[in-house]
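The values are calculated or read from the model by the stated rules, or taken from the named source; none is laboratory data. These numbers come from a predicted model, not from an experiment. Here the Cβ positions follow ideal geometry from the backbone for every residue, glycine too, while neighbour counts run over all protein chains shown. We work out accessible area using only protein heavy atoms, side chains counted, and drop any ligands, DNA or RNA first. Shrake-Rupley method; radii C 1.70, N 1.55, O 1.52, S 1.80 Å.
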Amino acid sequence: MFEQYISTPIIPVAVVDREEEIRNIAELCLEFLPSIELTMRTEYSYKALEILAKEYPTLSRAAATVLSPNQADKILDLGTNIIISPGFQNVLLEHAHNKKYHYIPGIATPAELEQCLAYGHKYVKFFHAGIFGGLEWIKSIAPVYAHTGVKFMPLGGVSINNVAEYIKNQYVFACGGSWLCPRDLLAKNDWKEIRKRFEETHNLIKELK
């Protein structure tokens, strides 16, 4: 599942409050983009994660915005072993090392990157990409660490208008697609527009191959 996850160039990022939302998004992912980053920022998120694990087992999934070992343990118990943080804490680096799950920590500076590399994490989230330098940051910093095999997943400030430049970069393994199913469209039940965004993104990836 981890290999499928890191091989999906643009990963839908979802914040959900209702069963209808997670089921519809999961179906769109299966049709267009076969991975999902489910952010654990709502009361419903754990139930949504359970639905994904039990009813959409072929869809590679990660639980994001994970901020504590206790939260990580609860997620692992629900059958998901890819865990992502917007930043990182040493306690989570230790926890992932001891429990042997796939952890993608968030970084924004060389010092943070080096801490994560010291624990063997070669796949890292670059957040908030738009604020901390975007593609120019990656072009400047990544070559210094190229020998480590590190790869980045930018999120924040990434959109359909600039995502192609990101995913064409050799140091980027994927981008977080927060524009695909944003909460304002979910609140309006605008599934027509959401589907359009998924299809547009899918076609963009096909064009870049």
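State, to one decimal in nm, how far the label point of residue 170 lies from the label point of residue 148, with both points 7 Å from Cα in the Cβ direction.
Rounded to a tenth, the inter-label distance reads 1.8 nm.
Do any of 100/122; 54/125; 47/74; 54/100; 74/122 go past 18 Å between their Cα atoms, and which?
On the way: 100/122 14 Å; 54/125 27 Å; 47/74 11 Å; 54/100 22 Å; 74/122 24 Å.
Exceeds cut-off: 54/125; 54/100; 74/122.
Mind ranking 5-17, 136-148 by how tightly packed they are, going by the mean number of other C-beta atoms within 10 angstrom, highest first?
Numbers: 5-17: 22.3, 136-148: 13.4.
Listed from highest to lowest mean packing, they are 5-17, 136-148.
Compute the accessible area per residue over the chain, keeping the other protein chains in place, probe 1.4 Å, unit Å².
Values: 9450 Å² over 209 residues.
For the chain, the per-residue accessible area is 45 Å².
Divide by every residue of the chain the summed helix terms, -39500 (n - 2.57) for each DSSP H run of at least 4, and state the resulting mean residue ellipticity at 222 nm, rounded to the nearest 500 deg cm²/dmol. Working shown, then result.
Numbers: 10 runs with 94 residues, N = 209.
-13000 deg cm²/dmol, from helical runs alone.
If you place +1 on the Cβ of every Lys and Arg and -1 on the Cβ of every Asp and Glu, how big does the dipole about the Cα centre of region 1-77 come out, in debye to the nearest 20?
Rounded to the nearest 20 debye, it is 140 debye.
Over the chain, with every protein chain in place, what whole percent of the accessible area is carbon and sulfur at 1.4 Å, could you tell me?
Of the solvent-accessible surface of the chain, carbon and sulfur hold 50 percent.
If you keep only loop residues by DSSP, which GluC sites (Glu not before Pro) in region 1-94 have at most 15 other Cβ atoms within 10 Å of their Cβ?
Values: sites: 3, 19, 20, 21, 27, 31, 37, 43, 50, 55, 94; in loops: 43.
Passing both the DSSP loop test and the Cβ count: 43.
Quick one, could you list the DSSP H helices from the chain stretching 27 Å or more along their long axis (Cα atoms) with average Kyte-Doolittle hydropathy of 1.0 or above? Could the numbers behind the result be given before it?
Working: long enough: none.
The qualifying helices: there are none.
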